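Worksheet: one structure, shown below.
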Ligand SMILES: Nc1ncnc2c1ncn2[C@@H]1O[C@H](COP(=O)(O)OP(=O)(O)OP(=O)(O)O)[C@@H](O)[C@H]1O
Ligand SMILES: [Mg+2]
């Protein structure tokens, strides 16, 4: 008998499995296996190195989440600006409410030929979907194991396949709204065939005690390119768990940027595997936390083949009693010469009670490589605040200017200009908000 | 305009200013000279309101108000400006953004209308040209990568834009070549008016050829030990500070 919090999810599985997509097929068998592994491993906890700073078991002991209801009625978008951050950008929009796709709210206009966009249920019979769901990376097993929970319970998701050489005409925006309290398990699948291109925005908003568990499995073919901009801004009693697993073929490019305005407890996991030479991945982010928010970024880059480039920069500011975590690993396999891997994390503590835990690591088995990692934790420079104030800038505004200046280096990495400006505006407004 | 009475200031537990009395009236330019470590910058920081400079005795009144009761940005909005001896570099905040934020913050504090982007740009251009501050400098991060002389010119630009009532220039001449010195002096002189007062801290008589002071003070070991006319600066140039008891560095 596993402990209570783990057992809770197993019971949910047993009660709901008959109604989950893919019943009777390969996915049903896959779910069985996944829930078995989940039962065996249990919810991760702080005695596991890869969960040292984010104890999910405790999180779910303190707050239990039943399945979020299917919400069919009207949806009131939360007041927060994050809900409309990308609204001015010409884009396709898919809306998910409580983790379920809502066709009536979505607006995916006419898609170019060679672009296939479906909800999860509609692609389960396709081999590529099966391949993506079943693939494991195994670079950080304790971290990746939690995907089993998603595999067992996933109920919906956005599935995008772009045929060879085709470009998605405008960004695809996946808007996830937590409307009612409870858990949702979402699985997104993205397959870009050779030389295909796409930009995806992903927003998670909500003002309820939700547990949003989202896994995005990505394959990027030879010379293909994926830009990804994610924004997460959920309620103080919400839990957010996101895992991105991406495999890049030769000369493929992935630029993924996440702005975390957080929720109660959030963890973003990124796994990148280079499977072809000359590929490039940039996994970056910025975060601004306050009150008792906790946000964890976990990032593993596997240079399994030679001559690939990876870049990771996370910059954040921590106010109140908030806590930030960065755990990262760049692995360079023995024959992966000419690898270039960089992993940096910098945090500013705006309050005495805020804390940052950073652990970037390198595991290098090749000799002809360029790798660097580093982390800093600092405070706003008192001298700089004084200098700005001595010119008549009030203290709050001086601090805001300096914090924006600090985050700018990271925000500039968001791989879409209008989205980048929208994120900058959000961060700037973050300061104006009264602490709830 | 500025009345300093028996001002005692400690920094890091050590008394640096030991009873300063100073009266500055509108329209006047005062020069403060004195050996290294005598407390000149300390005095300027106390006027600006920097943390860690503790007034243990005495008072400062500015335009009839208790300056020590005002916080740093209130003082600036009331018209106190300090051109720093060592201007700080602020990566990520462009000079342009900084200037606009500062000017509009002061206008707001005084109940004046804020300038929009167009009017602001016009004003900055107008003020930058005579100081040889290029557009390129304005677009860069504040003071980052500026040469010593460029930093000082940027300080004077801030001053001409903000049009303070009381300007304190802490060694704005050091590190300037002769042409830059003239440019800066012209910038300062352009601001001279019957409503404004200036305090020019310097080690060199040369600057005072261009910015001619009404009064010259000698500060030594935290006290004003001599006050005279502009000729006092010439005397000091010749004889040094020996007779006033030079400070231990
Ligand atoms: N934080 C501090 N703790 C202790 N002493 C300090 C501190 N800051 C400054 N001082 C001391 O205060 C004295 C006055 O310094 P100040 O910078 O005011 O001198 P100054 O007259 O401006 O000199 P200079 O001509 O070299 O610019 C110096 O002896 C200096 O070492
Ligand atoms: Mg000095």
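Please treat every number below as a calculation from the coordinates, not as lab data. Computed from a predicted structure; not experimentally measured. Note that each Cβ is placed from the backbone with ideal geometry, even for glycine, and that neighbours are counted across all protein chains shown.
Determine the relative contact order of chain B: mean sequence separation of Cα pairs under 8 Å and six or more apart, normalised by residue count, in whole percent.
29
First measure r as the distance between the Cβ atoms of residue A:180 and residue A:105, then evaluate 1/(1 + (r/R0)^6) with R0 = 25 Å and state the FRET efficiency to the nearest 0.05.
Working from the Cβ atoms, E equals 0.95.
For A:111, A:168, which order do you get if you count the other beta carbons within 10 Å of each Cβ and list the fewest first?
With the fewest neighbours first, A:111, A:168 line up as A:111, A:168.
I want to check the label-to-label distance for residue B:26 and residue A:194. Put each point 7 Å from Cα in the C-beta direction and report it in nm to one decimal.
Between residue B:26 and residue A:194, the label points sit 8.1 nm apart.
What average count of beta carbons from other chains do you get within 10 Å of the Cβ of residues in B:99-111?
Averaged over the peptide's residues, the number is 3.
Pairs of Cα atoms under 8 Å, at least six residues apart: use those to get the relative contact order of chain A, whole percent.
It rounds to 10 percent for chain A.
When DSSP assigns beta bridges and you keep just the ones with both residues in segment A:4-378, what percent turn out antiparallel, to the nearest 5?
5
Rg and Dmax in Å for segment A:35-136, alpha carbons only: what are they?
Rg, Dmax (Cα atoms, Å): 18.8, 50.
Output the 0 to 90 degree angle, nearest 10, between the alpha-carbon long axis of helix B:117-128 and the longest principal axis computed from the alpha carbons of chain B.
It works out to around 50 degrees.
Over all pairs of distinct alpha carbons, what does the Kirkwood formula give as the hydrodynamic radius of the protein assembly as shown, in Å?
Over the protein assembly as shown, the inverse of the mean reciprocal pair distance is 28.4 Å.
With both bridge residues required to lie in segment B:2-244, what share of the DSSP beta bridges run antiparallel, to the nearest 5%?
Around 60 percent of the beta bridges assigned by DSSP in segment B:2-244 are antiparallel ones.
Where does segment A:288-328 land on Rg/Rh, using Cα atoms and the Kirkwood Rh?
1.18
In a Debye calculation with equal point scatterers on the alpha-carbon sites of segment B:24-147 and no solvent, what is log10 I(q)/I(0) at q = 0.13 Å⁻¹?
-0.71
To two decimal places, what compactness ratio does segment A:324-435 give when its Cα radius of gyration is scaled by 2.2 N^0.38 Å?
1.37
For the pair residue A:18/residue A:368, report the inter-label distance in nm, with labels modelled 7 Å from Cα in the Cβ direction.
For the pair residue A:18/residue A:368, the computed spacing is 6.2 nm.
Hey, what D do you get for segment A:259-350 in µm²/s if you plug the Kirkwood alpha-carbon radius into Stokes-Einstein at 20 °C and 1.002 mPa s?
155
Is segment A:54-200 best put as rounded, prolate or oblate by its Cα gyration tensor, with a ≥ b ≥ c the root eigenvalues, rounded for a/c under 1.5, and otherwise prolate when a/b is larger than b/c, oblate when not? Could the numbers behind the result be given before it?
Numbers: a/c = 1.89, a/b = 1.17, b/c = 1.62.
Oblate, because a/c is 1.5 or more while a/b does not exceed b/c.
Give the whole-number value, in cubic angstrom per residue, of the convex hull volume spanned by the C-alpha atoms of segment A:231-273. If you can, show how the numbers build up before the last one.
Working: hull volume 2.0 nm³, N = 43.
Cα-based convex hull of segment A:231-273, divided per residue, equals 46 Å³.
Let me see the P(r) profile for segment A:123-234: every Cα-Cα distance counted, bins of 5 Å, each bin given as a percent of all pairs.
3, 10, 20, 20, 21, 16, 8, 2, 0
Name all residues of segment A:147-183 having a backbone nitrogen under 19 Å from the label point set 7 Å from the Cα of residue A:417 along its Cα→Cβ direction, giving them as ranges.
A:168-172
With the alpha-carbon atoms as the only input, what is the per residue convex hull volume for segment A:4-378 in Å³?
125
Restricting to the protein assembly as shown, what percent of DSSP beta bridges are antiparallel, rounded to 5?
20
On average, how much area does the Cα convex hull of segment B:118-160 cover when viewed from any direction, in nm²?
2.8
Of the listed peptides A:207-213, A:425-431, what is their order by residue-averaged count of other C-beta atoms within 10 Å, with the highest listed first?
A:207-213, A:425-431
For peptide B:68-74, what's the mean number of Cβ atoms from other chains within 10 Å of each residue's Cβ?
Numbers: counts 0, 0, 0, 3, 12, 12, 3.
Average neighbour count from other chains, rounded to a whole number: 4.
Once label points are set 7 Å from the Cα along Cα→Cβ at both residue B:238 and residue B:116, what is their separation, rounded to one decimal in nm?
Simple spin-label model gives 6.1 nm for this pair.
Work out the FRET efficiency for residue B:204 and residue A:47 from their Cβ-Cβ distance, taking R0 = 56 Å, and round it to the nearest 0.05.
0.25
Express the relative contact order of segment A:1-104 as a whole percentage, based on alpha carbon pairs under 8 Å and six or more residues apart in sequence.
Relative contact order of segment A:1-104: 22 percent.
Across peptide A:401-412, what mean number of C-beta atoms from other chains lies inside 10 Å of a residue's C-beta? All intermediate terms of the calculation are to be shown ahead of the outcome.
Working: counts 7, 4, 1, 3, 9, 3, 1, 4, 2, 0, 0, 0.
For this peptide, the per-residue mean of nearby foreign Cβ atoms is 3.
For segment B:2-244, what is the largest minus smallest coordinate of the Cα atoms on each principal axis, given in angstrom and ordered from greatest to least?
Projected onto its principal axes, the Cα set of segment B:2-244 covers 53, 40, 35 Å.
Using Cβ contacts closer than 10 Å as the measure, can you line up A:166, A:147, B:55 from fewest to most?
Details: A:166 21, A:147 25, B:55 15.
So the ranking, lowest neighbour count to highest, is B:55, A:166, A:147.
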